[in-house]
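Please treat every number below as a calculation from the coordinates, not as lab data. Just so it is clear, the structure is predicted and the values come from calculations on it, not from any experiment. Glycine also receives a Cβ, built like all others from the backbone with ideal geometry; neighbour counts cover every protein chain displayed.
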Amino acid sequence: GRRSAETNATLDAGFAAVDQALLELSRTTGMPMHQVINLFMKSRGRTASSINYWNLYSNYFKDNTKQELGRLGQNLTVGERTPSRRKECYAKFKEQFPDTYQDILDTHEELASLGALPQTIGQRGQAFQR
């Protein structure tokens, strides 16, 4: 049924305390808030992530193609980076790092976004028009 105003107030106070605790953990560990939340959920056997790790791996693969093709144990060239090869590499990547592959991909994504050169509003507008 419908929650009472008292229940809503109790929930709001509790959520504020949880938010403050997560913010403090983020500050003390130097980890982004979303990563702290994901690790908390993972530690409880749950996932609250809507992150598409296949897409993150695609960017990781693009930046580390030679290394990732090496996971297949064959002497493949960078020209052989087809979607099916990337899928095989992703499976091997997850197999090699079963507990940490999401953290690795999250960190790679964060580093890639931090490494991007700052743009002016005009530059962003030009990039958007392309």
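Could I have the simple spin-label model distance between Asp103 and Thr29, label points 7 Å from Cα toward Cβ, reported in nm to one decimal?
According to this spin-label approximation, the distance is 0.8 nm.
Straight-line reach only, C-alpha to C-alpha below 20 angstrom: list the aspartates and glutamates that Lys42 could link to, leaving out same-chain residues fewer than 8 apart.
Once the sequence-local aspartates and glutamates are set aside, what remains near Lys42 is Asp19, Glu24, Glu95, Asp99, Asp103, Asp106, Glu109, Glu110.
Mind jotting down the distance between the C-alpha centroids of region 15-33 and region 67-106, whole Å?
Rounded to whole Å, the Cα centres lie 33 Å apart.
To make sure I understand the rule: partners must be lysines, Cα under 25 Å from the Cα of Lys62, and not fewer than 8 residues away in the same chain. Which ones qualify?
Lys87, Lys92, Lys94
Which FRET efficiency value, to the nearest 0.05, do you get for Thr10 and Glu110 by plugging their Cβ-Cβ distance into 1/(1 + (r/R0)^6) with R0 = 41 Å?
0.70
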